[in-house]
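This report refers to the structure that appears directly beneath it.
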Amino acid sequence: MRLILRIARRLGRLTLVLLCVGLVSFGLMMVSPVDPVDAYLGPKMAQVSPEQRALIAERWGFDAPPAVQFGHWLRQLVSGDLGWSHVYNQPVSEVIGQRFQRSIMLLGSAWLLAALLGFSLGVVAGAKEGSTLDNIISTYAYITASTPAFWLAILAVLLFSVTLGWTPTCCAGPTGTLSQDVTLATRLHHLILPIATLALLGIANVTLHTRARMLELMRSEVATHAFAQGASRIDVAWRHGLRHASLPAMTLAFASLGELFGGSILIEQVFAYPGLGQATVAAGLRSDVPLLLGIALFTALFVSVGNMIADSLYGVIDPRIQAGGL
Amino acid sequence: MLTIDRLSLQLPLYVSWWKREWATCLNECSLKFSAGEVHAVVGASGAGKSLLAYAVMGLLPTPARLSGQIGYKGEPLNASRQRKLRGRELALIPQSLNALDPLARTKRQVAWAAQRAGHSSRHARHAAQRALDHYQLDARAQQAYSHELSGGMARRVLAAMAHVSQAQLVIADEPTVGLDPLHRQRVLDALRGLADQGKTVILITHDLRHALPIADRVTIMRNGQQVETAPARAFQDSGASLTNTYSQALWLALPDNGFSSHAVSHAPQTEQEATVA
């Protein structure tokens, strides 16, 4: 019974968050200077009379006051329809579905790589505080933590794609090939650089936080007691360190899901990778309200679920934390 | 067994962030601990009792100035020998309950201690079980995390972790703080039992009264100085065979001896410390 109540409360809160995200995104689109009809027409704008424009606006429902438009969108949403994207001329749910499939490969691998590598590096650096290895790892982490994602991506394209020619410069597959004809190997070849760039930046954060927690532990009474029992530094890091350091690493990994989405928008732009990030930019620039709202909602849902998972996992690792999640 | 010869310890003290001074924490302490004995080291807080233990174990913080000799079984106990003997020959029962890992179950931690003492992992689990049974920690306490244990239980877990190592020298740093009389007696009896097996037990405490019945010898410490080492039986009646006025005052200040402090009425600071002890 308490579990059901807790789940219900969680879902209620989630709905509220999504509603707020929708409302704010819609408000921002309303004050955006980009006129959706102009954006839709593009260069043909001059050939269209004001009467025709009014007709398009009326057909899309832009003549109604914003509150009515939002209410209309909300009613549609409840019945399971996310609306129609005029940029891609497809239902929004289909656009998100397709794009997300491509993005999740990029995001998921980068995320996993960043979490695992970052955690291992942090543990090693923290356990061997002051050693050459620690200095190398820390220096690397501080440098990459202060590097903008898009800048690193541009450098990577310049070096590996343009100068060395090891990786393709753009897209999810060779240009001119249908997406169903692209083999897995080619797909991966196109993914390497974006994943590496995105992961490289994620690693730094996880490493620095894990290292800090490890340092704290190695100086704690728990460690001193273990040393008194004859434990080596590696022993302490392995038996005690992993448990203690996994808490901040996990918090960070799940909290960074949102950041990862943000990073992917820039990365996908630089690598011309047709994922969700690119669709977001297109929707914003051409005032595709339903698509942008759909993406905003989807991203918020994704990040919220990530945080919920982290909340539930705390209790598993640290018994002092009462599991507040599901 | 363990000899400490003119041991002095200085630790850095930052007066301001660029100016470092050295505070003398132990001053020319010379002690001898024999096998089969419980040797109580008694003093008020800040007397340097715990630092003495850490110096023997080799667990002092890195910027420390240590001088003097520590010898174990006739050979000097230097850093590399300390590292080799820790957990196998030398065991420490720490003062703080924070020494237990909050993220691991009791029994597992005791088993780790056994493994570090050289047991194989399967044997370690049995050894842990036996040690925990010995200190009367039931199955629930063995599966508990440290925050689920009472203070007394946690202390007994720490004692079990030292017990499982089969060490020849056991340093117990305030092992009875916060224990009720029954459990205090149980822990003290266990320490006495270790000494009766031929091991060396160093009992660090501020509680002279309860240390006396199990101790063979007592060293009184004050402000990093060793005041006096005397047989435990010297602490009786009016303490006339004690040579130092501070030890006498400490003895006479005990409730059983009438809370008396007349012996040191000329030294108000001593009186205050004696009451604390």
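The values are calculated or read from the model by the stated rules, or taken from the named source; none is laboratory data. On a predicted model such as this, the values are computed, not experimentally measured, just so you know. Note that each Cβ is placed from the backbone with ideal geometry, even for glycine, and that neighbours are counted across all protein chains shown.
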Kindly establish whether residue B:225 is closer than 20 Å to residue B:248 by Cβ, surrounded by fewer than 19 Cβ atoms within 10 Å (Cβ to Cβ) and touching a Cys at 6+ places or on another chain (Cβ under 8 Å).
yes
Of residues in segment B:56-93 being hydrophobic (A, V, I, L, M, F, W, C) and in a strand (DSSP E or B), the one modelled with the lowest pLDDT:
B:66
Return the residue satisfying two criteria in turn: it lies in segment B:148-191 and is at positive phi and either modelled with pLDDT of 90 or more or away from every other protein chain (no Cβ under 14 Å) (or both), and of such residues it is surrounded by the most Cβ atoms within 10 Å (Cβ to Cβ).
B:174
Please enumerate the residues belonging to segment A:91-133 that are under 26 Å from residue A:216 (Cα atoms) and free of Cβ contacts under 8 Å to residues at least 12 places away in the same chain.
A:112, A:116, A:120, A:130, A:131, A:132, A:133
Where the second residue is surrounded by 13 or more Cβ atoms within 10 Å (Cβ to Cβ) and the first is charged (D, E, K, R) and lies in segment B:229-247, which pairs have Cβ atoms under 6 Å and are six or more apart or on separate chains?
none
Might you let me know whether segment A:171-178 holds any residue that is in contact (Cβ under 8 Å) with a residue 40 or more places away in the chain, in a loop (DSSP other than H, G, I, E, B) and surrounded by 13 or more Cβ atoms within 10 Å (Cβ to Cβ)?
yes
The lone exception for residue A:256 - which of (1) buried (at least 20 other Cβ atoms within 10 Å of the Cβ); (2) modelled with pLDDT under 85; (3) of a type in the set (Gly, Ala, Ser); (4) within 27 Å of residue A:40 (Cβ to Cβ) it fails:
(4)
Could you list, in sequence order, all residues of segment A:176-219 that are among the polar types (S, T, N, Q) and closer than 21 Å to residue A:159 by Cα?
A:186, A:197
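Here's the yes/no breakdown for (1) more than 29 Å from residue B:129 (Cα to Cα); (2) within 13 Å of chain A (Cβ to nearest Cβ); (3) within 19 Å of the chain's Cα centre (by Cα):
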{"site": "B:60", "(1), (2), (3)": "yes, yes, yes"}
{"site": "B:71", "(1), (2), (3)": "yes, no, yes"}
{"site": "B:94", "(1), (2), (3)": "no, yes, yes"}
{"site": "B:97", "(1), (2), (3)": "no, yes, yes"}
If we scan segment A:276-283, do we find a residue that is touching an Asp or Glu at 6+ places or on another chain (Cβ under 7 Å), part of a loop (DSSP other than H, G, I, E, B) and in the same structural domain as residue A:313 (by TED's automatic domain parsing)?
no
Of everything in segment B:38-55 that's within 25 Å of residue B:196 (Cβ to Cβ) and in a strand (DSSP E or B), which residue is farthest from the other protein chains (Cβ to nearest Cβ)?
B:42
Among the candidates A:207, A:167, A:163, which residue alone is closer than 15 Å to residue A:273 by Cβ and of a type outside the set (A, V, I, L, M)?
A:167
Of all residues making up segment A:195-249, the number that are among the β-branched types (Val, Ile, Thr) and within 9 Å of chain B (Cβ to nearest Cβ)
2
Can you spot a residue in segment A:233-251 that is on the phi < 0 side of the Ramachandran plot, without any contact (Cβ under 8 Å) to a residue 12 or more places away in the chain and in a helix (DSSP H, G or I)?
yes
I'd like to know if segment B:64-86 contains one or more residues that are charged (D, E, K, R), crowded, with 22+ Cβ neighbours inside 10 Å, touching a residue at least 12 places away in the same chain (Cβ under 8 Å) and out of contact with any strand residue (DSSP E or B) (no Cβ under 6 Å at 6 or more places or on another chain).
yes
Kindly provide the set of residues from segment A:2-18 that are within 16 Å of residue A:307 (Cβ to Cβ) and of a type in the set (Lys, Arg), ordered by number.
A:6, A:9, A:10, A:13
Test set (1) buried (at least 22 other Cβ atoms within 10 Å of the Cβ); (2) within 10 Å of chain A (Cβ to nearest Cβ) - residue B:104 fails condition number
(1)
